[in-house]
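Notes follow the structure.
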Amino acid sequence: EKYKEGMKKTQGVFSGRINDLLARYRKVDEDFFEELEEVLIAADVGVTTVMDLVDELKMEVKRQNIKDTKEIKDVISEKLVEIYYGEDDEDIERLNIQENEMTVILVVGVNGVGKTTSIGKLAHQLKQEGKKVMMAAGDTFRAGAIEQLEEWGKRADVEVIKQSAGSDPAAVIYDGIRAAKSRKADVLLCDTAGRLQNKVNLMNELEKIKRVIEREVPGAPHEVLLVLDATTGQNALNQAKTFSGATDVSGIVLTKLDGTAKGGIVLAIRNELNIPVKYIGLGEQIGDLQEFDASLFVYGLFA
Ligand code: GDP
């Protein structure tokens, strides 16, 4: 299926290395753990997360008195899933969709990460689920962003509310909310510009947009989704840090997982920032967006 195909690079590279490691080491010892760390760091799991994992593993190995590497594969995957979820239930973390009122979703991220594409895919998916979806073209900054969102609007058969390029994003989103209310939309997806050069500007712009949304729809935005490009590895982690410092990010959309072997970044983001990865992008087509299931992901790595 799609998921397997899209995850081929990350899973192939990772499971190849793990299986090679397990074949070379029979005994669970310091050298084994050291090489395991290297394999995980190469998959961009992130140094902090890897250290956490290896500490947990060493304790578990002692507790269960594991000596042979044959027995350790399942323990590694169990611990990775545990580390991913931390204190939370080990369940798919779904979008916060409101039952009896309009859901407003703000989508943020820097240029090129796949923000517009992901909004289009998400619009399509929510529409397939029977929801009335609308989009607001709040990225008035990047050249072509409005037209591109309109293109996705056509593909997903979803109406796009826009103004001209260069206009105030908060004003576009205000228009979007008004239109979505009058058309009785279930979900409004709001695009934004992702200028990161200056954190204060970014913060101010996002705050202004959020104020408009909060005023028009009490309790909204119900989600602030940050879009990150998995192929950028640790850079994606840094972007997540900057954005979550500027606003309350409620979920991540991790794109381009099909194009990288660095899928381990998923685990680092969740472990280091405690932001759930809600969706993953697995291609350029409208259907190439999936809800993220950490157990499926981790067990796939060790297949
Ligand atoms: P934006 O500037 O953040 O809005 O980025 P775009 O949505 O324009 O996407 C940038 C490029 O990444 C486009 O060529 C997209 O087709 C591509 N892209 C987006 N998501 C994915 C994905 O999940 N997989 C792959 N392979 N390409 C993607």
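Quick test for you: out of Gln239, Gln234, Gln285, pick the one residue that is surrounded by fewer than 20 Cβ atoms within 10 Å (Cβ to Cβ) and farther than 26 Å from Ser77 by Cα. Answer to the selection: Gln285. Would you call Ala180 on the phi < 0 side of the Ramachandran plot, in a helix (DSSP H, G or I) and touching a residue at least 60 places away in the same chain (Cβ under 8 Å)? Here the answer is yes, as Ala180 does meet what is asked. Filtering the range 88-144 to residues that are under 14 Å from the mean Cα position of the chain (by Cα), among the charged types (D, E, K, R) and within 16 Å of the ligand (Cβ to nearest atom) leaves Lys115, Lys121. For Glu34, the stated conditions do not hold, so it cannot be described as within 16 Å of the ligand (Cβ to nearest atom), assigned to a helix (DSSP H, G or I) and either in contact with a Cys (Cβ under 8 Å, 6 or more places away or on another chain) or of a type outside the set (Lys, Arg) (or both). One residue stands out in the range 72-129 among those that are of a type in the set (Lys, Arg) and surrounded by fewer than 19 Cβ atoms within 10 Å (Cβ to Cβ): the one that is modelled with the highest pLDDT, namely Lys127. Sub-6 Å Cβ pairs linking a first residue in the range 70-91 that is closer than 14 Å to Tyr299 by Cβ to a second residue that is modelled with pLDDT of 90 or more and of a type in the set (Ser, Thr, Tyr), at least 6 apart or interchain, are Val81/Ser295, ordered by first then second residue.
Pairs meeting the criteria (first residue in the range 25-37 and farther than 20 Å from Ser77 by Cβ, second residue of a type in the set (A, V, I, L, M, F, W, C) and assigned to a helix (DSSP H, G or I), beta carbons under 7 Å, at least 6 apart or on different chains) are lacking. On inspection, Ile275 does not qualify as under 11 Å from the mean Cα position of the chain (by Cα) and assigned to a helix (DSSP H, G or I). Within the option set Val172, Val224, being within 22 Å of Thr117 (Cβ to Cβ), within 16 Å of the ligand (Cβ to nearest atom), aliphatic (A, V, I, L, M) and outside any strand (DSSP E or B) holds for one residue only, Val172.
For the range 102-110, state whether one or more residues are without any contact (Cβ under 8 Å) to a residue 60 or more places away in the chain and not basic (Lys, Arg). Checking the range 102-110: not a single residue is without any contact (Cβ under 8 Å) to a residue 60 or more places away in the chain and not basic (Lys, Arg). Filtering the range 183-217 to residues that are modelled with pLDDT of 95 or more, in a loop (DSSP other than H, G, I, E, B) and surrounded by fewer than 19 Cβ atoms within 10 Å (Cβ to Cβ) leaves Arg183, Lys184. Residue selection: Lys62 fails the criterion of being within 21 Å of the chain's Cα centre (by Cα) and either closer than 26 Å to Asp293 by Cβ or surrounded by fewer than 15 Cβ atoms within 10 Å (Cβ to Cβ) (or both). All of (1) under 13 Å from Leu228 (Cα atoms); (2) within 9 Å of the ligand (Cβ to nearest atom); (3) out of contact with any Asp or Glu (no Cβ under 9 Å at 6 or more places or on another chain) hold for Ile275 with one exception: (2).
The values are calculated or read from the model by the stated rules, or taken from the named source; none is laboratory data. Because the structure is predicted, anything quoted here is derived from the model rather than measured. Using ideal geometry, Cβ is built from the backbone for each residue, glycine included, and neighbour counts are taken over all protein chains shown.
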